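All remarks here apply to the structure that follows.
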Amino acid sequence: MRLKAMVLIASGAAVSVGLLVVRQQRLQAVYEMTRSLERGSIHDRDLWMLRAQIAESIRPERVVRMAATLGPMRPIPREICQPAPGIKTPSKREQNLTRAER
């Protein structure tokens, strides 16, 4: 009878320890996920700051001035804009569907 009680207590302790381990793993996973989300929001904030700085420094007249220093401009030939051979281009219907989704 004593042996049975000791085995029961030992198995209960083992189950309790196992549950504590699983709980700790879940808490650690939630903590890591929260930290990842915080890092992502910090990166997003930094990205928006950089975009704002770029928007402040690039004005249409400045772009025209920069383009003038590069010399005469001409359009890119259509052949260069074509996809490489073997790459499937979307049909007009598929293009219209993706535009409608936006």
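Project the alpha carbons of the chain onto their principal axes and report the range along each, largest first, in whole Å.
The principal-axis extents, from largest down, are 98, 39, 26 Å.
Given the Cα-Cα distance of K92 and V64 and 0.36 nm per residue of separation, how much length would full extension add, in nm?
6.6 nm
So if each residue of separation counts as 0.36 nm, and I subtract the Cα-Cα distance between L20 and C81, what length gain in nm does that give?
15.9 nm
Pop the C-beta distance of V30 and L50 into the FRET formula with R0 = 41 Å and round what comes out to the nearest 0.05.
The computed FRET efficiency comes out at 0.85.
Compare R35, R78, R23 in a GNM of the chain, Cα atoms joined below 10 Å, and give the one with the largest fluctuation.
R78
Where a number appears in this text, it was derived from the coordinates with a stated rule and is not lab data. Source: prediction; values computed, not measured. Please note: Cβ atoms are built from the backbone with ideal geometry, for glycine as well, and neighbour counts cover all protein chains shown.
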